[in-house]
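Okay, structure first, notes after.
The values are calculated or read from the model by the stated rules, or taken from the named source; none is laboratory data. The structure presented is a predicted model; accordingly, all values stated were derived computationally and were not measured. Quick reminder, even Gly has a Cβ in these numbers, built from the backbone with ideal geometry, and neighbours come from all protein chains shown.
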Amino acid sequence: MMTWALSVDLRERAVAAYLAGTGTQKAVASRFQFSQSTLSVWLKHKRERGTLEPSRPPGRERKLNAEDEAYLLQLLEVRSDLTLEELADGLRERDVEVSRFAVGRALHRMGWSRKVRRLPGGDLHRGVGASTPPAC
């Protein structure tokens, strides 16, 4: 089941209602149609963090920022047959510590695919971007 963060406005109204003394946590949560534990977590966040903004979803930070991704595209425009390792080496020359796997994830996010295609005559073409057919 997929869940999503409830709006900050709803969080603020529910917490304000509880803090105003309009009822118990259970009563306030019931009135706003979510669980008592949800309200309890929001009260804790308000107390500890001072905000009711939802937490950032778990996961690692991206290794490549928008500038690095733009540089990747420049490398691919010059030479579209670069391997992931060669692209990572190009970024390392700019002092960006990155693995070939991170480069692959970045290319995937940008809509590029690493595809090996056979040219007429049986030769392999290792191009980037499946949408552009090789010149015959």
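Quick notes on this one:
- Yes/no for Val96 being outside any helix (DSSP H, G or I) and either loosely packed, with under 11 Cβ neighbours inside 10 Å or hydrophobic (A, V, I, L, M, F, W, C) (or both): yes
Okay, residues lined up against (1) more than 22 Å from Trp4 (Cβ to Cβ); (2) in the same structural domain as Val15 (by TED's automatic domain parsing):
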{"site": "Ser35", "(1), (2)": "no, yes"}
{"site": "Leu43", "(1), (2)": "no, yes"}
{"site": "Arg56", "(1), (2)": "no, no"}
{"site": "Leu73", "(1), (2)": "yes, no"}
{"site": "Ser80", "(1), (2)": "yes, no"}
{"site": "Leu91", "(1), (2)": "yes, no"}
{"site": "Val96", "(1), (2)": "yes, no"}
{"site": "Gly104", "(1), (2)": "yes, no"}
{"site": "Arg109", "(1), (2)": "no, no"}
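- Hits in segment 54-72 (condition: surrounded by 15 or more Cβ atoms within 10 Å (Cβ to Cβ) and assigned to a helix (DSSP H, G or I)): Asp68, Glu69, Tyr71, Leu72
- Meets criteria (assigned to a helix (DSSP H, G or I) and surrounded by fewer than 13 Cβ atoms within 10 Å (Cβ to Cβ)) for Ser37: yes
- Of the residues making up segment 42-98, just one is aromatic (Phe, Trp, Tyr) and either more than 21 Å from the chain's Cα centre (by Cα) or closer than 30 Å to Leu10 by Cβ (or both), namely Trp42.
- Of Leu119, Leu91, Leu76, all but one fail to be in contact with a helix residue (DSSP H, G or I) (Cβ under 8 Å, 6 or more places away or on another chain), of a type in the set (A, V, I, L, M) and modelled with pLDDT under 90; the exception is Leu76.
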